[in-house]
1. State the number of residues belonging to the stretch 2-57 that are exposed (fewer than 14 other Cβ atoms within 10 Å of the Cβ) and touching a residue at least 60 places away in the same chain (Cβ under 8 Å).
2. Has the stretch 70-88 got any residue that is over 15 Å from ALA18 (Cβ atoms), surrounded by 12 or more Cβ atoms within 10 Å (Cβ to Cβ) and without any contact (Cβ under 8 Å) to a residue 60 or more places away in the chain?
3. Give the residues of the stretch 1-45 that are farther than 17 Å from GLY76 by Cβ and either in contact with a Lys or Arg (Cβ under 9 Å, 6 or more places away or on another chain) or among the charged types (D, E, K, R) (or both), sorted by residue number.
Amino acid sequence: MRQFDIFRNPSESSRPFAPFVVAIQSHYIALDTVLVAPLVNDKRATSVEIAVTVEGQSLVVALTEMGSVRVASLSGPVGNLTECEDDIRRALDRLFTGF
């Protein structure tokens with residue numbers, strides 16, 4: 001698993017609202033869990049959320065909704081958001097520092 005890999009949401013109950021999650025945690029830290037952010041389909045991008053397209057769906061990386069999931073609950077990645085790395089890092093900085 002690499003940082004910014006996209007996975008199908010392992011939670012069936014939230015999948016209609018957030019069909020995917022993206023790994024935010026560095027791939028250099030191997031734990032039983034990984035910090036992810038949901039990719040949601042009914043929010044507008046803000047200064048701490050990033051608009052993306054995954055499998056033809058317009059979604060938003062909802063960094064304000066980050067949480068950890070067990071690595072074992074995620075199966076093969078369906079994509080990667082490395083091309084959005086700078087935007088994600090800026091949004092995380094704004095979220096945690098206010099700037």
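Values quoted throughout were computed directly from the atomic coordinates according to the rules given, and no laboratory measurement underlies them. Nothing here was measured: the structure is a model prediction, and the numbers come from that model. Here the Cβ positions follow ideal geometry from the backbone for every residue, glycine too, while neighbour counts run over all protein chains shown.
1. Residues in the stretch 2-57 being exposed (fewer than 14 other Cβ atoms within 10 Å of the Cβ) and touching a residue at least 60 places away in the same chain (Cβ under 8 Å): 1 in total.
2. Yes.
3. Hits for the stretch 1-45 are GLU12, ASP32, THR33, ASP42, LYS43, ARG44.
Results for (1) of a type in the set (Gly, Ala, Ser); (2) under 15 Å from PHE4 (Cβ atoms), shown as yes or no for each residue.
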position: LEU31; (1), (2): no, no
position: PRO38; (1), (2): no, yes
position: ALA45; (1), (2): yes, no
position: GLN57; (1), (2): no, no
position: ALA72; (1), (2): yes, no
position: VAL78; (1), (2): no, yes
position: GLU85; (1), (2): no, yes
position: LEU95; (1), (2): no, no
